[in-house]
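Colleague: Following this message is one structure expressed as structure tokens.
The values are calculated or read from the model by the stated rules, or taken from the named source; none is laboratory data. This one's a predicted model, so the numbers in the text were calculated from it and none came from an experiment. Neighbour counts run over all protein chains shown; Cβ positions are idealised from the backbone, glycine included. All accessible areas refer to the heavy atoms of the entire protein, side chains included, with ligands and DNA or RNA removed. Shrake-Rupley method; radii C 1.70, N 1.55, O 1.52, S 1.80 Å.
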Amino acid sequence: MKQVKFTQMKDGTREEYEFLTAHEIDHTRHTADRLLKALVELDESLSGYQVTRLGHSLQSATRAWRDGADTDWVVSALLHDIGDIYAPYNHDEYAATILKPFVREQCAWVVQTHGDFQMLYYGHHLDGFDQHKRDRHRDHPCFDDNAAFCERWDQASFDPNYDTLPLGFFAPMVREVFDRTPYDAEVIRPGHREPLTNPVIAEERAT
Ligand SMILES: [Fe+2]
Ligand SMILES: [Fe+2]
């Protein structure tokens, strides 16, 4: 079978749906490659900063890596703004939706709400923005993680002179994350918080 015969889903047969499922599984295997390609497309979006969106993403991931953060954190830092391409008004939720089946719940939540936390750094300069929008998340157990994510990795990563690692350095980590079994309880670890920084690992990576 090369393609199904039906023109309305309700007319499909078991054989056709099994064929489509096999196709879909093959398609999902290449998610990491599609994301890496999308990151390169980020290079073309949102000019005006001293670094491109890709440069910002790589710099955020590099800072996470150099802080000794684990793979979930590094990949989340790398992809946190990937929603800028198609969802400029809720880019954080968009990125979190991509990450959610494959990273710790803690990281997905931080990416999902980082936009509210970032407002701390610029909201007071603009009319109609609430600088303290992050306060609505005050009771969330990962509030401090998000504050640290934004302070250390996101708001800090617009420096054209920073020694940023290339996309190829992070590609194996992206592949590892998106090769995981989706929604694996051992990955999602609801309620578990992993620190953003690990001084021992940071020291190892610095040498
Ligand atoms: Fe963002
Ligand atoms: Fe960002």
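Colleague: Suppose we filter the range 46-67 for residues that are small (Gly, Ala, Ser) and within 13 Å of ligand 1 (Cβ to nearest atom); how many remain?
Modeller: 2
Colleague: Anything in the range 149-191 that is farther than 16 Å from His56 by Cβ and open to solvent by less than 60 Å² (accessible area, probe 1.4 Å)? List them, or say none.
Modeller: Gly168, Ala171, Met173, Val174, Val177, Phe178, Arg180, Asp184, Val187, Ile188
Colleague: Taking into account only those residues within the range 2-18 that are surrounded by fewer than 11 Cβ atoms within 10 Å (Cβ to Cβ) and part of a loop (DSSP other than H, G, I, E, B), which is farthest from the chain's Cα centre (by Cα)?
Modeller: Lys5
Colleague: Against the definition (surrounded by 13 or more Cβ atoms within 10 Å (Cβ to Cβ), within 14 Å of ligand 2 (Cβ to nearest atom), under 20 Å from Asp92 (Cα atoms) and not hydroxyl-bearing (Ser, Thr, Tyr)), how does Leu39 come out, yes or no?
Modeller: Yes.
Colleague: When you go through Asp135, Asp144, Asp127 one by one, which is the residue that is open to solvent by 30 Å² or more (accessible area, probe 1.4 Å) and not in a helix (DSSP H, G or I)?
Modeller: The conditions single out Asp127.
Colleague: Scan (1) in a helix (DSSP H, G or I); (2) surrounded by 10 or more Cβ atoms within 10 Å (Cβ to Cβ) for the single condition Val200 breaks and write down its number.
Modeller: All conditions are met except number (2).
Colleague: Select from the range 182-194 the residues that are free of Cβ contacts under 8 Å to residues at least 24 places away in the same chain and within 17 Å of the chain's Cα centre (by Cα) and list them in ascending order.
Modeller: Correct list: empty.
Colleague: Here are some residues: Gly83, Gly115. Which one is farther than 15 Å from Val174 by Cβ and modelled with pLDDT of 95 or more?
Modeller: Residue meeting the stated conditions: Gly115.
Colleague: Quickly run through the range 102-124 and pick out the residues that are within 24 Å of Asp184 (Cβ to Cβ), open to solvent by 80 Å² or more (accessible area, probe 1.4 Å) and within 16 Å of ligand 1 (Cβ to nearest atom).
Modeller: None; the set is empty.
Colleague: Which residue pairs have Cβ atoms under 9 Å apart, sit 6 or more places apart or on different chains, and have a first residue in the range 154-165 that is touching a residue at least 24 places away in the same chain (Cβ under 8 Å) and within 13 Å of ligand 1 (Cβ to nearest atom) and a second that is part of a loop (DSSP other than H, G, I, E, B) and of a type in the set (D, E, K, R)?
Modeller: From the range 154-165, the pairs are Asp154/Asp81.
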